[in-house]
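Read the structure below first, then the notes.
FYI, it's all coordinate maths here, none of it is from the lab. The model shown is predicted, which means the values in this text are computed figures rather than measured ones. Every residue, glycine as well, gets a Cβ built from its backbone with ideal geometry; the counts of neighbours run over all protein chains shown.
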Amino acid sequence: MLPKIYKFMFWFSIALAVASIVAVGMFGLKLGVDFQGGSVLELNFKNRPDIGQIQSILTPKIGDVELSPEGDTGLIVRAHELTEVQHQEALSALKTAFSVAGLEEKQFSSVGPIIGDELKQRSLFAIFLVLFCVVVYIAFVFRKLGRTTSPWAMGLAAIIALIHDVAIPVGVFAILGHFYGIEVTGVFVAAALTILGFSVSDTVVIFDRVRENIIRGGLPAGRHGNKSEFGALVHRSIMQTLTRSLNTVFTVLLSLFAIYFFGGASIKYFSLALIIGIFLGAYSSIFVASPLLVWWTPHTNR
C-alpha cells in the first residue's frame, strides 16, 4: 500500500483545486487587452505627476482610462482601442501639461475585440490539444504494461495532475485580479503551456521508473502482488526519482525567483505563474498522479 501521507496530500490537493475553481467562479479572471481588446500605453516619468492629474488630462482626450502605477516612476494606461491619432493626442497632451516631468513612452499596443476573442479561442484550443496529446503519448509509450497496469490509466492520472497544476494558478490570478487588478494576458497562456510541459515531464519520469521496476522483477507483467504490491512499487519508484525531481525544481525556481524580483514589470507575473505551476508540477506528480495510478490499477493484495 502507499503510505497514508499520499491519501492526505491527494485530498488536500483536490481541495486546493476546488477552491481555485470556486475563486474563478466568484471573481472571474481580469482579462487583459490581449483577450478583450483595447489599448495599453506604458509610460515612464523622471518625476511622475499625481495620478488624478494625469487622469484629468487623458479622459477628455481618449475617454475612460484605467491607470496603474509601476514602481516610483512608471505608469500603465489602459483604455478602449485607440487609433494612432488618439494615441499621439494623448501623448501630446501629457507632454504639454507635464513638460518638466520627463515623460518617456516605453510601449504602446492595441488589440481589437475580434482579435481578442480569436486569441481566447486559440488559447483554449492549444491547452486542450496539449492535454489530449499527453494522454495519447503516455498510452503509446507505456502500452507494453497493459497486462500490469492500464496505459490509459497512466494517461488519465497525468491529465488530472495537469488540470490540478493549471487550475490552482488560474485561481490565484483570479484572486489577484479581483483584489489587486492583475490581468491575465497572452503571456499567462504561454506560462500555462510551459507548466503543462514541465509537469508531464516529472510525471513521465516517475511512470518510467515504475515501468523499469516492473521489468526488473518488482512486479512481473501479468502477475499481481508477486514480489511487491503495486503501491509499494510506485512508492519505491517515487523515492528513487525524488532527488532528481527536487534538484530540477529548485534549480528552475531559483531562476524564476530572480526573474520575479529583478526582472521587468512585463514578465513579473509570467514568472509568478511559472513559480506556482512548476512547484505544483513536481508536487502533483507525486501526490496526485501516482496515487491515482495505484488506485486505478486492479491488483490483488493492494
| field | Contact order relative to length of the chain, as percent, for alpha carbon pairs under 8 angstrom and 6 or more apart | value | 25 percent
| remark: Q107 neighbourhood, Cβ < 14 Å, K/R = +1, D/E = -1, net charge -3
| remark: Restricting to Cα pairs under 8 Å and 6 or more apart, the percent relative contact order of segment 38-111 works out to 51 percent
| Can you give me the Cα centroid spacing of segment 11-29 and segment 238-279 in angstrom? | 22 Å
| task | Identify which of the listed values of Rg/Rh (Cα atoms, Kirkwood Rh) was calculated from the structure shown: [x] 1.01; [y] 1.12; [z] 0.95. | result | [y]
| query | What order do you get for 74-82, 48-56 when each peptide is scored by the mean count of other beta carbon atoms within 10 Å, highest first? | reply | 74-82, 48-56
| said: Between S99 and I175, what's the calculated FRET efficiency when r is the beta-carbon distance and R0 is 51 Å? Round to 0.05. | reply: 0.80
| Can you give the charge dipole size of the chain about its Cα centre, rounded to the nearest 20 debye, using +1 on the beta carbon of Lys and Arg and -1 on the beta carbon of Asp and Glu? | 1980 debye
| query | What net charge do the residues around G74 carry, taking every other residue with its C-beta under 14 Å from that of G74, with Lys and Arg at +1 and Asp and Glu at -1? | reply | 0
| message | Can you say what percent of the DSSP beta bridges in the chain, counting only those with both residues inside, are antiparallel? Round to 5. | response | 95 percent
| remark: Lys pairs in the chain with Cα under 16 Å (8 or more apart in sequence, or on separate chains) total 5
| the chain, helix-only ellipticity at 222 nm - DSSP H runs n ≥ 4, -39,500 (n - 2.57), divided by all residues, nearest 500 | -22500 deg cm²/dmol
